Amino acid sequence: MKILRSLVLIGLLASPLRAGEAGDLVFADRGPWDLPQGPLVWTLHQTGPRTQGFAPLGEGRISLARSTQTADGQPVLELTEETPGVQRRIGPFPVSGGDPALTFFLETITRDMAALTGGSPFYIRNRLKDALFRGGELRPEGDATTAVFAPFKDDKNSGRMAGFDTLELRFTLDDPKRPIRRMLAETGPLAGGRPAYHSEMVLK
């Protein structure tokens, strides 16, 4: 239930606010999710410093599938996370709602940054929300477009972010109705000479 409450909070990012062009593309309405070819699968790669309260997920996968495990028998969406240390299902999510994979990615960043910096997840979540809806830039890359955000650049609390003030988010997109090809969050080296944080999901 704790996981689901957090996901609901970050899901508020998809509520209709006035957004910049980069945010519009990231939060484009990709529903309803029919998934006629079966589950969507993203490879997951995460590295960073192993400390109390945080262990990098390493290599794994995130899959999005339809399910009917509800009392009324209506279809819903469900995420499955599979890594060496974690095997879990997350959901349900509405078939016609937002992007569950994006929700998972953003909530993972919020949780990890809070663990690695000791900061408030509520503050982190709000700063992510502000950056994604009011900032960012678009960069053409071949047949795709990458939306780039620096949510904590020039943040008034940057001195207490242990290196996460360098965090950059990148989303590789094509047709706005299609799933996001690649989601990347990375920093420079963290405070105390600790390794950089890197979390990436790539659609197979």
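How many residues are open to solvent by less than 20 Å² (accessible area, probe 1.4 Å) and either without any contact (Cβ under 8 Å) to a residue 24 or more places away in the chain or not aliphatic (A, V, I, L, M) (or both) if we restrict to the stretch 98-109?
The qualifying residues number 5.
How many of the residues in the stretch 129-184 are among the hydroxyl-bearing types (Ser, Thr, Tyr) and under 21 Å from LEU116 (Cα atoms)?
Residues flagged as among the hydroxyl-bearing types (Ser, Thr, Tyr) and under 21 Å from LEU116 (Cα atoms) within the stretch 129-184 amount to 2.
Name the residues in the stretch 164-185 that are over 13 Å from PHE152 (Cβ atoms) and either open to solvent by 50 Å² or more (accessible area, probe 1.4 Å) or of a type outside the set (A, V, I, L, M, F, W, C) (or both), would you?
Within the stretch 164-185, ARG170, THR172, ASP174, ASP175, PRO176, LYS177, ARG178, PRO179, ARG181, ARG182 qualify.
So which residues in the stretch 126-136 are at pLDDT 90 or above and open to solvent by 90 Å² or more (accessible area, probe 1.4 Å)?
ASN126
If you go through the stretch 137-161 one residue at a time, how many are surrounded by 19 or more Cβ atoms within 10 Å (Cβ to Cβ), free of Cβ contacts under 8 Å to residues at least 60 places away in the same chain and not aromatic (Phe, Trp, Tyr)?
Of the residues in the stretch 137-161, 3 are surrounded by 19 or more Cβ atoms within 10 Å (Cβ to Cβ), free of Cβ contacts under 8 Å to residues at least 60 places away in the same chain and not aromatic (Phe, Trp, Tyr).
Within the stretch 46-80, take every residue that is farther than 28 Å from TYR197 by Cβ and of a type in the set (Val, Ile, Thr) and give me the one that is least open to solvent (accessible area, probe 1.4 Å).
VAL76
Name the pairs: first residue in the stretch 28-39 and over 14 Å from PRO100 (Cα atoms), second residue at pLDDT 90 or above and outside any loop (DSSP other than H, G, I, E, B), Cβ to Cβ under 9 Å, at least 6 apart or on different chains?
These pairs meet every condition: GLY38/ALA65.
If a residue must be over 18 Å from PRO189 (Cα atoms) and either modelled with pLDDT of 95 or more or assigned to a strand (DSSP E or B) (or both), how many such residues does the stretch 41-57 contain?
Matching residues across the stretch 41-57 total 4.
Against the condition open to solvent by 30 Å² or more (accessible area, probe 1.4 Å) and within 17 Å of the chain's Cα centre (by Cα), how does PRO94 come out, does it pass?
It is false that PRO94 is open to solvent by 30 Å² or more (accessible area, probe 1.4 Å) and within 17 Å of the chain's Cα centre (by Cα).
Kindly evaluate THR83 against the criterion of being open to solvent by less than 50 Å² (accessible area, probe 1.4 Å) and either within 13 Å of TRP33 (Cα to Cα) or not hydrophobic (A, V, I, L, M, F, W, C) (or both).
yes
The values are calculated or read from the model by the stated rules, or taken from the named source; none is laboratory data. For clarity, every value in this text was computed on a predicted model and none was experimentally measured. Every residue, glycine among them, receives a Cβ derived from its backbone with ideal geometry; neighbour counts consider all protein chains shown. What goes into the accessible areas is simple: the full protein's heavy atoms, side chains included, and nothing from ligands, DNA or RNA. Shrake-Rupley method; radii C 1.70, N 1.55, O 1.52, S 1.80 Å.
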